[in-house]
Amino acid sequence: MNGLMTVDRFKKFLGVTANILLTVIVVVTCIDVIGRYFLAAPLLGAHEIITLAMGMMIYLGMPLVTAAKEHLVVDLASSFLSPRIRRIQQIIVNSISALTLLLFSYLLFEYGVGLAEDQMITEDFEIEQAPIAFLMAVMCFLTIFGFIFQIYQEFQNKYSEQRKKLGPKN
């Protein structure tokens, strides 16, 4: 029970943080547009703030979207497939997604190490770039657990359907 509360709190934290970043993006964009077009004075570093906030927002949202099964899906053939084949399709898609995100998290981590070694910073505000790459790597890695849990659920559904077919035990 305590573990579930921790997961729920973490999900809420990710959601609130992503929403704050979205608000920052909107406010900075509005200030920049007003300054640029009405005062001929664009906001210094607006592009940098928006770019960093958008990247972090997207990666913070990935575990949430995966846990809620809210990914965009183009579903052309599923209505023609049997439930068993749809379940197999879902297991394959989730497995490929998990493996892809494992690769992404590894590559982002390696990229972050390179950024840290080179002490790379942003142009306007001189923000270190490595922690952002590490954050993105961690969020990719956490998203993998969402896909693994969905694969587990598909296998659980398979076994519960098999038990129903066998009927009650005597």
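Within region 124-142, is there a residue that is within 20 Å of ALA98 (Cα to Cα), at pLDDT below 90 and either charged (D, E, K, R) or in contact with a Phe, Trp or Tyr (Cβ under 6 Å, 6 or more places away or on another chain) (or both)?
In the first step, residues of region 124-142 are kept if they are within 20 Å of ALA98 (Cα to Cα); the result is 133-142.
Next, from what is left, pick out any that are at pLDDT below 90: none.
The answer is no; no qualifying residue exists.
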Looking at ILE88, ILE92, which one is open to solvent by 80 Å² or more (accessible area, probe 1.4 Å), modelled with pLDDT under 95 and of a type in the set (A, V, I, L, M)? ILE92
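Given the criteria touching a residue at least 24 places away in the same chain (Cβ under 8 Å) and β-branched (Val, Ile, Thr), does ILE25 qualify?
Yes, satisfied.
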Scan region 111-130 for residues that are open to solvent by 70 Å² or more (accessible area, probe 1.4 Å) and closer than 20 Å to ILE50 by Cα and jot them down. MET120, ILE121, GLU123, ASP124, PHE125, GLU126, GLU128
Of the numbered conditions (1) open to solvent by 90 Å² or more (accessible area, probe 1.4 Å); (2) closer than 25 Å to ILE127 by Cα, ILE49 satisfies every one except a single condition; which is it? (1)
Considering only residues that are among the basic types (Lys, Arg) and surrounded by 15 or more Cβ atoms within 10 Å (Cβ to Cβ), which ones fall in region 31-46? none
Any idea which of (1) in contact with a helix residue (DSSP H, G or I) (Cβ under 7 Å, 6 or more places away or on another chain); (2) in a helix (DSSP H, G or I) is the one VAL93 doesn't satisfy? (1)
Looking only at region 31-45, how many residues end up being part of a helix (DSSP H, G or I) and either among the hydroxyl-bearing types (Ser, Thr, Tyr) or within 15 Å of PHE125 (Cβ to Cβ) (or both)? 2
Only one residue in LEU72, LEU103, LEU108 is of a type in the set (A, V, I, L, M, F, W, C), outside any loop (DSSP other than H, G, I, E, B) and either open to solvent by less than 40 Å² (accessible area, probe 1.4 Å) or under 26 Å from GLN156 (Cβ atoms) (or both). Which one? LEU108
Cβ contacts < 7 Å: first residue more than 20 Å from HIS71 (Cβ to Cβ), restricted to region 93-116; second residue among the aromatic types (Phe, Trp, Tyr) and part of a helix (DSSP H, G or I), any location; separation 6+ or different chain. Result? PHE109/PHE134; GLY112/PHE134
Any chance region 60-68 includes a residue that's without any contact (Cβ under 8 Å) to a residue 40 or more places away in the chain and outside any helix (DSSP H, G or I)? yes
When residues of region 16-30 are limited to those that are surrounded by 14 or more Cβ atoms within 10 Å (Cβ to Cβ) and of a type outside the set (A, V, I, L, M, F, W, C), the one farthest from GLU126 (Cα to Cα): THR17
If you go through region 55-67 one residue at a time, do you hit one that is more than 17 Å from CYS140 (Cα to Cα), of a type outside the set (S, T, N, Q) and out of contact with any Gly (no Cβ under 6 Å at 6 or more places or on another chain)? no
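The values are calculated or read from the model by the stated rules, or taken from the named source; none is laboratory data. No experiment lies behind these values; they were computed from the predicted model shown. When we count neighbours, we look across all protein chains shown, and the Cβ atoms used for this are built from the backbone with ideal geometry, even at glycine. To get the accessible areas, we keep the full protein, side chains included, count just its heavy atoms, and leave off ligands, DNA and RNA. Shrake-Rupley method; radii C 1.70, N 1.55, O 1.52, S 1.80 Å.
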